[in-house]
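Accompanying notes for the structure given below.
No value in this document is a laboratory result; all are computed from the given coordinates. These numbers come from a predicted model, not from an experiment. Note that we place each Cβ from the backbone using ideal geometry, even for glycine, and neighbour counts take in every protein chain shown.
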Amino acid sequence: MIQPLFEFEGFDHLEIDTIYSAYKESQRRLFLMDYDGTLEATGSNEQVKAWSSPPSERVLMTLSKLSSNPKDVVCILSGRSRSTMEEKFSSLKEVGLAAEHGFYYRLPGSTEWHLQMVWRIRF
């Protein structure tokens with residue numbers, strides 16, 4: 001069994017076999033991944049370095065392979081700017097991006113950014 005990276009009180013970890021079985025049986029799968037701290041490790045000494053460095057080749061290859069399956073929809077979420085997200089993930093054409101905490105988004109297979117304006121402020 002794979003050892004969990006973190007332990008949380010009251011949190012039950014799923015078995016790999018359970019996850020794999022559900023994945024294989026699914027008709028469509030959505031993967032939402034947070035960039036900072038999930039796809040790219042950050043920490044007190046590494047945080048500045050992580051903000052300026054590109055994703056590792058391993059991360060890019062894994063995301064590319066996952067997004068090449070027509071049953072999978074892969075989206076990366078981040079608080080970073082659109083330009084930063086495009087710079088870091090320009091090679092992943094079939095991966096959706098959400099920048100600036102979801103305020104802007106780009107659908108998988110598209111180069112066009114959309115503004116998320118579903119909220120209204122009333123005074």
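List the residues, sorted by chain then number, that are 5 or more residues from Asp36 or on another chain and whose placed amide H is less than 5 Å from its amide H.
Here the answer is Gly79, since their amide H atoms fall under 5 Å of that of Asp36.
Once both labels are modelled 7 Å past Cα along the beta-carbon direction, what's the Ser53-Arg29 spacing in nm?
2.8 nm
Using a 10 Å cut-off on Cβ atoms, rank the peptides 106-115, 12-21 from the highest mean neighbour count down.
Values: 106-115: 12.4, 12-21: 9.8.
With the highest mean Cβ count within 10 Å placed first, the list reads 106-115, 12-21.
Of the listed peptides 76-87, 59-70, what is their order by residue-averaged count of other C-beta atoms within 10 Å, with the highest listed first?
Details: 76-87: 16.8, 59-70: 14.5.
Those peptides, ordered most packed to least, come out 76-87, 59-70.
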